1. Residue under question is Glu29, and the condition is that it be among the acidic types (Asp, Glu), open to solvent by 60 Å² or more (accessible area, probe 1.4 Å) and modelled with pLDDT under 95; does it hold?
2. Taking the condition of being in a strand (DSSP E or B) and open to solvent by 60 Å² or more (accessible area, probe 1.4 Å), how many residues in the range 93-111 meet it?
3. Would you point out the residue of the range 44-79, among those that are among the acidic types (Asp, Glu) and more than 16 Å from Ala127 (Cα to Cα), that is least open to solvent (accessible area, probe 1.4 Å)?
4. Would you check if Ile116 is outside any helix (DSSP H, G or I), surrounded by 18 or more Cβ atoms within 10 Å (Cβ to Cβ) and either modelled with pLDDT under 95 or out of contact with any helix residue (DSSP H, G or I) (no Cβ under 8 Å at 6 or more places or on another chain) (or both)?
5. Going by the structure shown, is Gly90 buried (at least 18 other Cβ atoms within 10 Å of the Cβ), touching a residue at least 12 places away in the same chain (Cβ under 8 Å), of a type outside the set (S, T, N, Q) and not in a strand (DSSP E or B)?
6. Which numbered condition trips up Thr54, out of (1) assigned to a strand (DSSP E or B); (2) without any contact (Cβ under 8 Å) to a residue 24 or more places away in the chain; (3) out of contact with any Pro (no Cβ under 7 Å at 6 or more places or on another chain)?
7. If you check Glu120 against the conditions, is it under 11 Å from the mean Cα position of the chain (by Cα) and free of Cβ contacts under 8 Å to residues at least 24 places away in the same chain?
8. In the range 119-164, what residues are open to solvent by 50 Å² or more (accessible area, probe 1.4 Å), hydrophobic (A, V, I, L, M, F, W, C) and in contact with a Phe, Trp or Tyr (Cβ under 6 Å, 6 or more places away or on another chain)?
Amino acid sequence: MVHKKITLLLFVILVSCSCGRKAKPAPLEYIYDDDYSYSSEVIVPFKDYGGVRTIQVKINNCSEFPMIFDTGCSGLTLSIAEVYVLAKQGCISADDIEGYGYSTIADGSIVQNMIINLHEIKIGDLACRNVKASVSDNENAPLLLGNGVLNQVESFSTDNVNKTIRFVLK
């Protein structure tokens, strides 16, 4: 069945996490460190793997993962393997699961994914709250940082010489 891994993950999260209800999170917003200079831009390094750029993204102030900087992705995508790591560390709970949705993947097929709320993702000094993420039941699915986050900045540009991505904040 398509949802065996997702159902197993849901079971693990429900068993291992508290079941207390939380208030609904605030809408997506930027947060800044206390020592942040409130610059209108954030510059982060990327690694290039054969034309695929990856940047480090910290999730819920716990684990950091290399994610593909993907302007063709409509949202943010994680594999079930990363969600399992976050659940095991206590960084997500059953309350973060928002249901299921559908995605069209690169080969044109439509797949069903679990949708979770990430309380915070941090890219360098840029932090966004309450980002919705699709969770693929494929443990080897790539981690994609797409337009679910990229649309929250005014613009971004890539410097291929210095291997950096510059985000201009709204």
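1. yes
2. 5
3. Checking each candidate, the answer is Asp70.
4. No.
5. No; evaluated as a whole, the condition is false for this residue.
6. That leaves (3) as the condition not met.
7. Spelling it out, it is not the case that Glu120 is under 11 Å from the mean Cα position of the chain (by Cα) and free of Cβ contacts under 8 Å to residues at least 24 places away in the same chain.
8. If the condition is that a residue be open to solvent by 50 Å² or more (accessible area, probe 1.4 Å), hydrophobic (A, V, I, L, M, F, W, C) and in contact with a Phe, Trp or Tyr (Cβ under 6 Å, 6 or more places away or on another chain), then Phe156 is the only one that fits.
The values are calculated or read from the model by the stated rules, or taken from the named source; none is laboratory data. Nothing here was measured: the structure is a model prediction, and the numbers come from that model. Positions of Cβ are generated from backbone atoms using ideal geometry, with glycine treated the same way; all protein chains shown enter the neighbour counts. For accessibility, only protein heavy atoms count, side chains too; no ligands or nucleic acids. Shrake-Rupley method; radii C 1.70, N 1.55, O 1.52, S 1.80 Å.
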